[in-house]
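Working notes, structure below.
The values are calculated or read from the model by the stated rules, or taken from the named source; none is laboratory data. These numbers come from a predicted model, not from an experiment. Backbone-built Cβ (ideal geometry, glycine too); neighbour counts: all protein chains shown.
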Amino acid sequence: MSVKEPILEVDIAIVGAGPTGLTLANLLGGMGISVALIERNLTTVQEPRAVSIDDESMRALQAAGLAEAVEQIVARGYGSRYLSPAHNLFLTVEPTSRDYGFDKRNAFQQPELEAVMRGGLARHGTVIQLFGWEMQSFAQTDRAVSLEIADTSGAQRTVTARYMVASDGGRSPTRGKLGIPLTGSTFAERWLIVDLVRTENRFRHTEVYCDPARPCISLPGPDNIRRYEFMLHPGEDEKAATDEAFVRDMLARVGPDRDCQFRRVRVYTFHARLAERWRDGRIFLAGDAAHLTPPFAGQGMNSGLRDAHNLAWKLAEAVNGNASSDLLDSYETERKPHAWEMIELALRMGRVMMPENATKALLTRIAFRALGFYPPARDYFAQMRYKPKPRFRQGLLWPDGLSEKATIVGRLIPQPLVDDTGRHRKLLDQVLPDRPVILVFDEFPDRALASDTVAALQAAGAAVIGMTPEWMNPVEGVFPVYRDAGRLFGGPQMRAYLGHTLLLRRDRYVASAVPVDRSGELVERIAALGASTSLTPDPKVLAAAS
């Protein structure tokens, strides 16, 4: 006889404890929101899947208080080498800039990453972990979502939540039960994935073999591991492709790892799809449930972590009664276009990796070699500037009238190292509280705002922080002031905003920018972000101001 457990009431129910669900649970837990994290498996994933985490995702994990722990398990700052069929180098991608405070590409093992993420949940007494429980059904009203879950022993339980987030994978049962179709590209490719226990290849960067006969990607990892991905041709049998002799023959063609021990050999079909809708009433889709991305740009998991970072604070504001329907709708409005940009980036990179024939492959190599003689073009590829910057064109933002190329509104603010008046150096986000921030970027930010303006901005629910350009020292004032020691605000785009006040959202995107003498206009915009006027002053800010 099955046992019916008591009803569990929480603010947010998260279905699926992959990287997206775990990140969301950590963020919400840090905000004091009660969460039920429901995962049908007994543990986090135990086999390698995603292998690359970017600087934007690291910043999301920084917000969750996990960045330092994650940096201990990754191989930081690797690049890519693109090779001809004869294995001659024709393009190098090796980014060195740290626009958002972290290396642009970092390699990891997903079991280790998820273990760190799950371990982080122990910090939050409001997060209830329900591993080994599977959602059987759900229903929603205009006030709540009710989920029926069961474990392997037959025990049953009802979970009621104000909102539900389905991060339950590319085959999302939630998306299916809601009747939400996938739309987008017709792209579908089968690839043979080979994960090694230990590699003989000591090259620390990705190797991309752009061979029409058999495209291949060789990806480095921490602790001397390596992954190989080989494209399968139409008609090639999956069982034959995973035969040991076939796999070892593939490895022998691209390096020294023919005789290495396999950790996993599997065929995957990669897709490029978006869910038609990301919200159904009080239910949201996130991660692979909302978008399926080919792996060529390493953005599948990273897009899911961006979802979590965007959605967490909006759900927290909704739970606290500070969110309008527009605020929750902005999740799809903001994230969906950028998720598709990442899919398109992966498809473009796939066309370079998978030339249709030898002629197109040769022309591609000639073009990239020619561009290598032109420094701006060389840097465009070497520094990964072809990757679309995180950018919202619609949503919770107030355009300032500048062109899309020039404006900072809707963009993720750079994260430089900053100095305080005591010459202590930290990353920008480490000195910002988890609430809307008024960032006064000026040579003399302590003089830029009248005291009544500062008081009004703070009363609206924002913290006021000053930032000087790198050539000016910070001074003590009525609010904390820091210096841009990393010089990221000194580039053309940010330097144009010297003498401006920026309204930063809790996810560190710029919602608005006005000249300092118009800072009072931001009071109503702070309220539109759902900011509570009854927030307890952040101890970090009080200490910095004292």
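Within the option set Pro469, Pro492, being of a type outside the set (S, T, N, Q), touching a Lys or Arg at 6+ places or on another chain (Cβ under 8 Å) and surrounded by fewer than 20 Cβ atoms within 10 Å (Cβ to Cβ) holds for one residue only, Pro469.
Listed by position, the strands (runs of 3 or more DSSP E) enclosed by the stretch 134-219 that each have at least 1 residues that are of a type in the set (A, V, I, L, M) and under 30 Å from Ala358 (Cα atoms) are 182-196, 206-209.
The single condition among (1) assigned to a strand (DSSP E or B); (2) at pLDDT 95 or above; (3) buried (at least 22 other Cβ atoms within 10 Å of the Cβ) that Leu113 does not satisfy is (1). Take the conditions (1) out of contact with any Lys or Arg (no Cβ under 6 Å at 6 or more places or on another chain); (2) in the same structural domain as Glu47 (by TED's automatic domain parsing); (3) modelled with pLDDT of 95 or more; (4) closer than 26 Å to Phe187 by Cα; Pro295 misses just one of them, which is (3). Taken as a whole, the structure leaves Gly125 outside the set of residues that are under 24 Å from the mean Cα position of the chain (by Cα), under 23 Å from Pro19 (Cβ atoms) and of a type outside the set (A, V, I, L, M). Of all positions in the stretch 372-394, at least one carries a residue that is at pLDDT 90 or above, of a type outside the set (A, V, I, L, M, F, W, C) and under 30 Å from Asn322 (Cβ atoms). Screening the candidates Val145, Val159 for the property of being assigned by TED's automatic domain parsing to the domain that holds Gly21 and over 17 Å from Ala17 (Cα atoms) yields one hit, Val145. Given the criteria basic (Lys, Arg), outside any loop (DSSP other than H, G, I, E, B), within 21 Å of Ile217 (Cβ to Cβ) and touching a residue at least 12 places away in the same chain (Cβ under 8 Å), does Arg81 qualify? Yes. For Ile53, the test of being under 23 Å from Leu417 (Cα atoms), assigned to a loop (DSSP other than H, G, I, E, B) and aliphatic (A, V, I, L, M) is failed.
Among the residues making up the stretch 336-366, those that are touching a helix residue (DSSP H, G or I) at 6+ places or on another chain (Cβ under 8 Å) and either within 20 Å of Arg279 (Cα to Cα) or assigned to a helix (DSSP H, G or I) (or both) are His338, Ala339, Met342, Leu345, Ala346, Leu347, Met349, Gly350, Val352, Met353, Thr364.
Yes or no, residue by residue, for (1) at pLDDT 95 or above; (2) outside any helix (DSSP H, G or I); (3) surrounded by fewer than 24 Cβ atoms within 10 Å (Cβ to Cβ); (4) at positive phi:
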{"residue": "Met301", "(1), (2), (3), (4)": "no, no, no, no"}
{"residue": "Arg306", "(1), (2), (3), (4)": "yes, no, no, no"}
{"residue": "His309", "(1), (2), (3), (4)": "yes, no, no, no"}
{"residue": "Lys314", "(1), (2), (3), (4)": "yes, no, no, no"}
{"residue": "Ala323", "(1), (2), (3), (4)": "no, yes, yes, no"}
{"residue": "Asp326", "(1), (2), (3), (4)": "no, no, yes, no"}
{"residue": "Ser330", "(1), (2), (3), (4)": "yes, no, yes, no"}
{"residue": "Glu334", "(1), (2), (3), (4)": "yes, no, no, no"}
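Going through the stretch 231-262 one residue at a time, which ones are in a strand (DSSP E or B) and at pLDDT 95 or above? Within the stretch 231-262, just Phe262 meets the criteria.
So that you can scan it fast, the table gives a plain yes or no per residue for (1) at pLDDT 95 or above; (2) in contact with a His (Cβ under 7 Å, 6 or more places away or on another chain):
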{"residue": "Ala155", "(1), (2)": "no, no"}
{"residue": "Thr160", "(1), (2)": "yes, no"}
{"residue": "Thr174", "(1), (2)": "yes, no"}
{"residue": "Lys177", "(1), (2)": "yes, no"}
{"residue": "Ala188", "(1), (2)": "no, yes"}
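Considering Gly65, Gly101, the condition of being on the phi > 0 side of the Ramachandran plot, part of a loop (DSSP other than H, G, I, E, B), free of Cβ contacts under 8 Å to residues at least 60 places away in the same chain and not hydrophobic (A, V, I, L, M, F, W, C) is satisfied by Gly65 alone.
Among the numbered conditions (1) at pLDDT 95 or above; (2) more than 21 Å from the chain's Cα centre (by Cα), the only one that Leu91 does not meet is (1). Here Leu91 clears all of (1) free of Cβ contacts under 8 Å to residues at least 12 places away in the same chain; (2) outside the structural domain of Arg118 (by TED's automatic domain parsing) except the condition numbered (1).
Would you confirm, using the coordinates I've provided, whether Val464 is free of Cβ contacts under 8 Å to residues at least 60 places away in the same chain, farther than 28 Å from His309 by Cα and not aromatic (Phe, Trp, Tyr)? Spelling it out, it is not the case that Val464 is free of Cβ contacts under 8 Å to residues at least 60 places away in the same chain, farther than 28 Å from His309 by Cα and not aromatic (Phe, Trp, Tyr).
Only residues that are under 12 Å from Ala13 (Cβ atoms), touching a helix residue (DSSP H, G or I) at 6+ places or on another chain (Cβ under 9 Å) and either buried (at least 20 other Cβ atoms within 10 Å of the Cβ) or aromatic (Phe, Trp, Tyr) (or both) were counted in the stretch 126-162, giving 3.
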